[in-house]
Amino acid sequence: MPTASLTRRVRFAAAHRYRRPEWSDAQNQDVFGSCAHPNFHGHSYTCDVTISGPIDGTTGFVIDLGALDRILSTEVRERFDHRNINLDVPEFADGLLIPSGENLARFIFDRVDLALRALGGAAAIVSVSIAEDATLSATYRRD
């Protein structure tokens, strides 16, 4: 059966900062620069989620787009949009994951992967790319 990849883009706006609580303010500033500012800063993120699988002979789809959109609504938009990632997403609280593009891409990948597996279809997540702006993005891919 032929296979294809499909990429769905979602956008969200969120604030964050980079900080290791065990470090001094000076060390956080030295390592993370302006991203360690105590009052946070925000981005209008772009998140590209790529799914791959066999093309269904009846529908012509790799995945039901409605099902994928529901997953992305729950795992991306509802979780991150208009949130302070450090304060509103428990996994990114002080001392846990730093909300870098790399960690956001990996976190979203894992959440979408679990949701797709729960659907039981043949489609699988291949990659997640997170862009903070037009000049910086991070991509996490399946090993």
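Rule-based calculations on the coordinates, nothing more; no lab input. Quantities reported herein were computed from a predicted structural model and do not represent experimental measurements. Positions of Cβ are generated from backbone atoms using ideal geometry, with glycine treated the same way; all protein chains shown enter the neighbour counts.
Values as computed for the structure displayed
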read-out: Prolate/oblate/rounded call for region 35-111, Cα gyration tensor, a/c under 1.5 rounded; value: prolate
read-out: Residue list for region 42-73, given a label point 7 angstrom along the Cα-to-Cβ vector of residue 135 and an amide N cut-off under 20 Å; value: 42-47
read-out: Cα gyration tensor shape for the chain, rounded if a/c is under 1.5, else prolate or oblate; value: prolate
read-out: Estimated distance in nm for a label pair at residue 93 and residue 34, the labels positioned 7 Å out from Cα along Cα-to-Cβ; value: 3.1
read-out: Charge context of residue 142, other residues only, Cβ under 12 angstrom, K/R +1, D/E -1; value: -1
read-out: Fraction of the pair-distance distribution of region 100-143 above 11 Å, Cα-Cα pairs, percent; value: 63
read-out: Long-range amide H partners of residue 123 with built H, under 5 Å; value: none
